[in-house]
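Asks: Once you've had a glance at the structure underneath, I'll fire off some questions.
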Ligand code: 2P0
């Protein structure tokens, strides 16, 4: 029996990944850049054993459906091939999220799974190899291998992974406030949403041109530790991503009236002299990027408009971490070979 455990934090893209050029391999249409955050994370234990007859997947103590387990099995197959191992696995994942707010992220989940399997099977993969592996589970997961800023370089199957963006620890001065907005069910998954956008949106070509420019801008902002430039390009990039969905066929949006109210609120706080900028992903929640020194004042201003329970403060999170388990990893990969 081989057992490993790992923790990964979620990440929020400041320059978004929106669209695949290869659905099976999960190769993106554009580079993306994210900040890993400490507020939400996943801890996963992977156990491989000869006596297991099938893969089983438990999330927060609840055994998951056949369909959900099938997705995990497909990912485990990649690892089994890499490790030359044919054992079935028991996967136990725990999502640490402050509320049931629809924030459980495939990014932290798949990164933690890659890390747990790496530990269990003694693969000793490098960060880049882990990132490449996590990418094949869920695109954004490849960025959660790293703490701080990470850039997912589109590349080819062999070279599509995230790398750390040098920042001289500037990310420690930054905060992100999540405004939880739960007033509508997610109708279009990010996977379906990006596919529909790539295939049908007349704005998609413009998105790709803009995202390439935004990436150059944000990297310069990080080098310069220029918060205004960072915030401006983050907010503008999110708006451009969301604009593409309006021109898809059929059109759709992740925004709810409450999202618009939150965006407006952020603009007003900014106009009052507190620097802050928003971003949004494939759902109605709004995330506010600010500097740590302003976080309490901004929280206070937000509290005038939103319930305390709707606001979650996050700081920079660390990269994928191996956690101790009772059973040591095998010394060599060959020990796991099923004969
Ligand atoms: C991102 N999103 O860069 C973008 C912005 C949502 C909006 O990555 O299909 O769960 O598993 O590769 O990674 C969400 O998509 O999608 C996402 P798959 P994933 O964070």
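Asks: Based on the Cβ-Cβ distance from residue 202 to residue 53, what FRET efficiency comes out when R0 is 56 Å, to the nearest 0.05?
Replies: 0.65
Asks: Bin by bin, in steps of 5 Å, what percent of the Cα pairs in segment 89-153 do you find, going until the bin that has the longest distance?
Replies: It works out to 4, 19, 26, 24, 17, 7, 3, 0, in whole percents.
Asks: Mind telling me which of 189, 259, 105 comes out most flexible in a GNM of the chain, alpha-carbon contacts under 10 Å?
Replies: The residue that fluctuates most here is 189.
Asks: Looking at segment 31-171, send over the antiparallel percent of its DSSP beta bridges, to the nearest 5.
Replies: 85
Asks: In the chain, what percentage of the DSSP-assigned beta bridges are antiparallel, given to the nearest 5?
Replies: 95
Asks: Then there's this: Two decimals is fine: what's Rg over Rh for segment 196-339, C-alpha atoms, Kirkwood radius as Rh?
Replies: Values: Rg = 20.6 Å, Rh = 18.3 Å.
Computed over Cα atoms, the ratio is 1.13.
Asks: Could you let me know the centre-to-centre spacing of segment 74-152 and segment 166-232, using Cα atoms, in angstrom?
Replies: Each part's Cα centre sits 22 Å from the other's.
Asks: Can you tell me, using C-alpha contacts under 8 Å and at least 6 residues apart, the relative contact order of the chain as a whole percent?
Replies: Values: 754 pairs, mean separation 91.7, N = 339.
Computed over the chain, the figure is 27 percent.
Asks: If one puts a single equal scatterer on every Cα of segment 190-248 and applies the Debye formula without solvent, what log₁₀ I(q)/I(0) results at q = 0.12, 0.17, 0.26, 0.27 Å⁻¹?
Replies: -0.32, -0.58, -0.95, -0.99
Asks: Another question, then. Could you give the C-alpha radius of gyration of segment 20-151 expressed as a fraction of 2.2 N^0.38 Å, taking N as the number of residues it contains? Please report the intermediate quantities before stating the final value.
Replies: On the way: Rg = 14.4 Å, N = 132, 2.2 N^0.38 = 14.1 Å.
So segment 20-151 has a normalised radius of gyration of 1.03.
Asks: A follow-up question, please. For segment 220-286, what value does the Rg/Rh ratio take when both radii are computed over Cα atoms and Rh is the Kirkwood radius, given to two decimals? Don't skip to the end; give the middle numbers.
Replies: Details: Rg = 13.4 Å, Rh = 12.9 Å.
We get a ratio of 1.03 for segment 220-286.
Asks: Identify which of 12, 26, 269 has the largest mean-square fluctuation in a Gaussian network model of the chain, with springs joining Cα atoms closer than 10 Å.
Replies: In the Gaussian network model the winner is 269.
Asks: Quick check on the chain: what are the equivalent-ellipsoid semi-axes from the Cα gyration tensor, as sqrt(5λ), descending, whole Å? Working shown, then result.
Replies: On the way: eigenvalues 237, 88, 76 Å².
Working through the eigenvalues yields semi-axes of 34, 21, 19 Å.
Asks: Something else: Assuming 0.692 mPa s and 37 °C, estimate D for segment 267-325 with Stokes-Einstein, Rh taken as the Kirkwood radius over Cα pairs, in µm²/s.
Replies: Diffusion coefficient, whole number: 246 µm²/s.
Bear in mind that the values in this text are calculations on the coordinates, not laboratory data. Just so it is clear, the structure is predicted and the values come from calculations on it, not from any experiment. Neighbour counts are summed over all protein chains in view; Cβ atoms, including those assigned to glycine, are modelled from backbone coordinates with ideal geometry.
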